[in-house]
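The structure appears right after this line, and notes come after that.
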Amino acid sequence: MKRIYVLLVSVFALLFSTVAFSEATATTEKANAEQEVVQLAGADYWRQVKDGQEGYTTAQHREAGVLINTSGQLWREIRNKWITPIGALMIGASFASLFAFYLWAGQIKVDKPKTGKKVLRWTPFERALHWYTAILFIILGFSGLTLMYGKHVVKPVLSDGIWANLVMATKISHNYLGPLFVVGITVMLVKWLKNNFFTKVDLEWFKAGGGILPNGKHPSADFCNGGEKVWFWLLATAGVAVCISGLVMDFPMFGQLREHMQIANVIHAVASLGLIAASFGHIYIGTVGTEGALEGMKTGYVDESWAKQHHNLWYDRVKDKAE
């Protein structure tokens, strides 16, 4: 019995010493590892981290090994120091110049009395397409401007709760309505491409100032005049740039890196702000700037006196269909 007791004590002693040795070894290895990290995290370590080198985080997906994205600061400076203030100046100058022009020149009136005969200018589908895209453009424009300038203009006059909800609403609407706008502008560009190639007639239209000057002779124009064609090609260039860059940011699951997203953001901001500034001219001419223009997009029909004055070449082709 005594021999069994001694044997059991010896076994337990051996097990205890093994466990103690293992714990001591692990503690030593941990201490060595911590010491190695402390030695590594010196000036050279942080210099490499700030340079954007990979391998300083435990995450494994693309770009996750980069602890500091060095291009982010450059993007921030470009956006805040250049794009934001210049965009505000462009939009303000566009609005102010159109307002001053209206005070000086007033609305462009139809020279001759209306005859009562109507000419179909826009089909129901074309009007629906225009208003669909225009309404989305306005919502996206307001939401985008709120996201860019709201903290300077809107936030100071709202409570934190209301401001937070407003920003969330604008962000969600911008992200979800953006792809719908892409569909609208794509169909619009395809639908009206054939009417928007420049001709010699447009050159004469520009020389005459588009007929918007007081007491000026209204130049000849086809279905689309020179100004409308300029707006079309702005949509086909800046508008397409807005759409593509917006989709890149809206769907970040196709391998885009952070640098790609920053470039897309800069393109999106520059093209959007330029398009918003230019849109004021289009909206002005189509509403308060020209008598009868809005009626055409509301009802689809324009008076033949209006058609003769503003789009005489097109009117000559369709005057037999006047109702």
Task: Segment Val240-Trp82, extension gain: residue separation times 0.36 nm, minus the distance between their alpha carbons - done: 54.6 nm
- [ ] Express in nm, to one decimal, how much length is gained between Ser97 and His260 on full extension, taking 0.36 nm for each residue of separation and deducting their alpha carbon distance.
- [x] 55.1 nm
TODO: May I ask you to derive the FRET efficiency for Gln107 and Thr299 from their Cβ-Cβ distance with R0 = 25 Å, giving the value to the nearest 0.05?
DONE: 0.85
- [ ] Taking 7 Å along the Cα-to-C-beta vector as the label spot, tell me the Val187-Leu247 distance in nanometres, rounded to one decimal.
- [x] 1.6 nm
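Would the stretch 85-195 count as rounded, prolate or oblate if I go by the C-alpha gyration tensor, calling it rounded below 1.5 in a/c and otherwise prolate when a/b exceeds b/c, oblate otherwise?
In terms of gyration-tensor shape, oblate.
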Task: Estimated inter-spin distance, Lys321 and Asp160, nm [label 7 Å along Cα→Cβ] - done: 6.2 nm
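Using R₀ = 56 Å, calculate the FRET efficiency as 1/(1 + (r/R₀)^6) where r is the Cβ-Cβ separation of Asn175 and Lys207; round to 0.05.
Efficiency, rounded to the nearest 0.05: 0.80.
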TODO: With r as the distance between the Cβ atoms of His152 and Phe197 and R0 = 45 Å, compute the FRET efficiency 1/(1 + (r/R0)^6) and round to 0.05.
DONE: 0.60
- [ ] Can you pull the one-decimal nm distance between simple spin-label points at Gln73 and Phe125, each 7 Å off the Cα toward Cβ?
- [x] 5.6 nm
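Can you pull out the trypsin sites (Lys or Arg not before Pro) in the stretch 117-206 that DSSP calls coil and that have at most 16 other Cβ atoms within 10 Å?
Sites meeting the loop and neighbour criteria: Lys117.
Each value in this text was obtained by applying a stated rule to the coordinates, not by laboratory testing. No experiment lies behind these values; they were computed from the predicted model shown. We place every Cβ from the backbone using ideal geometry, glycine too, and count neighbours over all the protein chains shown.
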